[in-house]
1. So which residues in region 73-109 are in contact (Cβ under 8 Å) with a residue 60 or more places away in the chain and among the β-branched types (V, I, T), if there are any at all?
2. Suppose we keep only residues that are of a type in the set (V, I, T) and closer than 15 Å to A187 by Cα within region 248-289. Which one would you say is modelled with the highest pLDDT?
3. Could you tell me which residue of region 178-230 is most open to solvent (accessible area, probe 1.4 Å), considering only residues that are of a type in the set (G, A, S) and over 19 Å from V271 (Cα atoms)?
4. May I ask you to say which residue of R320, R339 is open to solvent by 60 Å² or more (accessible area, probe 1.4 Å) and either in a helix (DSSP H, G or I) or over 27 Å from T186 (Cα atoms) (or both)?
5. List the helices (runs of 4 or more DSSP H) that sit entirely inside region 1-104 and contain at least 3 residues that are of a type outside the set (A, V, I, L, M, F, W, C), open to solvent by 10 Å² or more (accessible area, probe 1.4 Å) and modelled with pLDDT of 90 or more.
6. Name the single residue that is nearest to A250 (Cα to Cα) among those in region 157-187 being outside any helix (DSSP H, G or I), polar (S, T, N, Q) and modelled with pLDDT under 90.
7. In region 117-142, which residue that is part of a helix (DSSP H, G or I) and at pLDDT 95 or above is most open to solvent (accessible area, probe 1.4 Å)?
8. Does region 150-164 include one or more residues that are surrounded by fewer than 21 Cβ atoms within 10 Å (Cβ to Cβ), under 19 Å from P326 (Cα atoms) and among the acidic types (D, E)?
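The values are calculated or read from the model by the stated rules, or taken from the named source; none is laboratory data. What you see is a predicted model, and the numbers here were worked out from it, not measured in a lab. Virtual Cβ from ideal backbone geometry, glycine too; neighbours counted across all protein chains shown. Remember, those area values only see protein heavy atoms, side chains included, never the ligands or the DNA or RNA. Shrake-Rupley method; radii C 1.70, N 1.55, O 1.52, S 1.80 Å.
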Amino acid sequence: MAKTDNFQTRQPASPTATSSTASMGTSQRESPLLILKVGTSSLMLSDETGFRVNLANLARLVDTIGSLRRDGYQVVLVSSGAVGMGCIKLGMTKRPTDVRTKQAVAAAGQSHLLRLYEDLFGALKLQVAQLLINQSDFLDKDHWQSVKSTIHECLALGVVPIINENDSTNTAEMRFGDNDNLAALTAVQLEADALFLCTDVDFLYTANPRSDPNAQPLRMVEKPWALEVDTSAEGSGMGTGGMTTKILAARTASTAGIPCGLINGQHTDRVFSFLKHGMAKKEGSDADSEQTPSSSGASIEEPHGTLFMPMQQDICHTRRWILSLPATASVSVNDATARELAGKGSLMPKGVCEVEGKFEKNDCVKLMHNGTEIGRGLVNFDSEDLEKLKGKSTNTLLSVLGKGCSLEACDEGNVVMTVAPQAFEEASPAN
């Protein structure tokens, strides 16, 4: 089992929290913040007769969040299910595939989903708030700060924020694609202490356990950025995500120094088995002596699920924001430049090997090395100019651009590594 001293420590929540905590960052927060994502497959059941609510799972989820709140944790719930609930509401036996129909069904189902949450949380004397988010909400730093402030204010008022992608109005260009990604970006931007992703299996496996008897469970992933497993098998078909999207979400959280737990959505109380071992540990608590609630009442010896360990790197607000930006184009770099970036250097045009895709100045691009993404960065040139400048020395750039112009393709402060810097330290230097 992994050591727990790498996890960040937080003070327990004050029972009389005020709105003054609304703008607090992770260094000032009084209690650990957990992001819990639940998908359609955990909330719904389906067969040839259509969809129905998995009320037992939904009740366990709400009860788990209630227990977390009583134990002094703040919780933000990222929940799918609007389209599924819309199918129930409208008597549809199959999930729509047409975009316009899906948007209309989501609009009908979102209110139904929230009403269920309102009733169940209300039974525990907890109030909820709904936030429907688009990818465009992350694009402008000032706009996202407003969204973030609203979430923090909800938490300060003792309300459980429930976040979902706005499926009823989103265009294809502005979609996250799945709520795993939305949950990871929410965790990154809120500087959460831990992210939990619910799925329909107990662990991440080396292959699909339903079809491969040799599949082995992975209880801990120390290097999420280097993980290679077979995720080609189909999911439940009820949602838009799958194991691939969960691995990508875990990598995003890990990049920002946030541990991620993968748990079975039928047993959401398994989050306590992670917390018992120091994930988002509260200051003054003894991880070995904390009680771990479970359906059987027995102590769980180790986290029941897969733990993705966080990367150890400094990440400022700008870098967190860069992680949330869409990046479709890429810039490939040579060996020496990859090591310089890992050492917190800037990206110079001399180190650029290839430019793929179209982008404008100040767009976010993927930084690639040997076919693998190693980081993200905001570029100082558009794709056409960088194509002309790639491989050129500083002296040549000065003669072409003139004094006073930016010589860096990406400034150091606008680069965030998605691969741990020590991976380049372990690699042999290029000849």
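1. Correct list: V75, V76, V78, V83, V99.
2. Start the filter on region 248-289 by keeping residues that are of a type in the set (V, I, T), which leaves 252, 255, 258, 263, 268, 271.
Filter once more, so that each one left must be closer than 15 Å to A187 by Cα: 252, 255, 258.
Values: T252: 91, T255: 91, I258: 94.
Filtering region 248-289 for residues that are of a type in the set (V, I, T) and closer than 15 Å to A187 by Cα, the one modelled with the highest pLDDT comes out as I258.
3. To start, the set of residues in region 178-230 that are of a type in the set (G, A, S) comprises 183-184, 187, 192, 194, 207, 211, 215, 226.
Narrowing the set further to residues that are over 19 Å from V271 (Cα atoms) leaves 207, 211, 215, 226.
On the way: A207: 15, S211: 91, A215: 15, A226: 59 Å².
Applying the filter and picking the extreme gives S211.
4. Working: R320 fails: open to solvent by 60 Å² or more (accessible area, probe 1.4 Å).
Of the residues listed, the single one that is open to solvent by 60 Å² or more (accessible area, probe 1.4 Å) and either in a helix (DSSP H, G or I) or over 27 Å from T186 (Cα atoms) (or both) is R339.
5. Details: elements: 40-43, 55-70, 82-89.
Filter on region 1-104 gives 55-70.
6. Kept after step one, since they are outside any helix (DSSP H, G or I), are these residues of region 157-187: 157-171, 175-178.
Narrowing the set further to residues that are polar (S, T, N, Q) leaves 164, 166, 168-171.
Checking which are modelled with pLDDT under 90 leaves us with 166, 168-171.
Values: N166: 22, S168: 27, T169: 27, N170: 24, T171: 25 Å.
The qualifying residue nearest to A250 (Cα to Cα) is N166.
7. So in region 117-142, the residues part of a helix (DSSP H, G or I) come out as 117-123, 136-139, 141-142.
If we keep only those that are at pLDDT 95 or above as well, we get 117-123.
Values: Y117: 2, E118: 73, D119: 103, L120: 44, F121: 0, G122: 37, A123: 83 Å².
Taking the candidates together, the pick is D119.
8. no
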